[in-house]
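Enquirer: Encoded as structure tokens, here's the structure I'll be asking about.
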Amino acid sequence: MAVDMEAVILDFVSALPPGKSASSEEVARAADPENWRRLTGHVRGAAKGLARQGKIVILRHGKPADAETFKGVYRLRLP
């Protein structure tokens, strides 16, 4: 099953109330509720690309993080 993860991320964060963010787990579960764990790495990669394009913001501890250097737990939201 091929998933357009960038589209899933954009659809998911666009549906959130203004100012709210989503975890990578929430996005992965939206893409594939049964096998979401195998998609978490794909979410991270797609999120980095979208953040570089300015389409989303990657948050660490509630603050914008550098898409190239962030590590650990993160959240996603619209700019």
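Enquirer: Looking for something under 13 Å from the mean Cα position of the chain (by Cα), part of a loop (DSSP other than H, G, I, E, B) and of a type outside the set (Lys, Arg) - is there at least one such residue anywhere in the range 18-34?
Expert: Narrowing the range 18-34 to residues under 13 Å from the mean Cα position of the chain (by Cα): 20-31.
Still in the running and part of a loop (DSSP other than H, G, I, E, B): 20-21.
Then keep just the ones that are of a type outside the set (Lys, Arg); that gives 21.
Within the range 18-34 (the criterion being under 13 Å from the mean Cα position of the chain (by Cα), part of a loop (DSSP other than H, G, I, E, B) and of a type outside the set (Lys, Arg)), the answer is yes, since at least one residue qualifies.
Enquirer: Before we move on, is Ala65 buried (at least 17 other Cβ atoms within 10 Å of the Cβ) and farther than 18 Å from Asp11 by Cα? I'd like the intermediate steps shown before the answer.
Expert: Working: buried (at least 17 other Cβ atoms within 10 Å of the Cβ): yes; farther than 18 Å from Asp11 by Cα: yes.
Criteria met by Ala65.
Enquirer: So if I check each of Gly54, Gly49, which one is surrounded by fewer than 16 Cβ atoms within 10 Å (Cβ to Cβ) and within 17 Å of Ala2 (Cβ to Cβ)? Show your work before the answer.
Expert: Working: Gly54 fails: within 17 Å of Ala2 (Cβ to Cβ).
Just one listed residue meets the conditions, Gly49.
Enquirer: Still on this model: I'd like the full set of residues that are of a type in the set (Val, Ile, Thr) and surrounded by fewer than 17 Cβ atoms within 10 Å (Cβ to Cβ), limited to the range 31-46. So that I can check it myself, show each step before the final result.
Expert: The first filter runs over the range 31-46 and keeps only residues of a type in the set (Val, Ile, Thr), leaving 40, 43.
Once the filter is applied, which keeps residues that are of a type in the set (Val, Ile, Thr) and surrounded by fewer than 17 Cβ atoms within 10 Å (Cβ to Cβ), the range 31-46 yields only Thr40.
Enquirer: Out of all the residues in the range 1-17, which are among the hydrophobic types (A, V, I, L, M, F, W, C), surrounded by 11 or more Cβ atoms within 10 Å (Cβ to Cβ) and assigned to a loop (DSSP other than H, G, I, E, B)?
Expert: If the condition is that a residue be among the hydrophobic types (A, V, I, L, M, F, W, C), surrounded by 11 or more Cβ atoms within 10 Å (Cβ to Cβ) and assigned to a loop (DSSP other than H, G, I, E, B), then Val3, Leu16 are the ones that fit.
Throughout, read-outs are computed from the coordinates displayed, never taken from laboratory work. Worth saying up front: this structure is predicted, and the values here are computed from it rather than measured. No Cβ is skipped: glycine too gets one built from the backbone with ideal geometry, and neighbour counts run over all protein chains shown.
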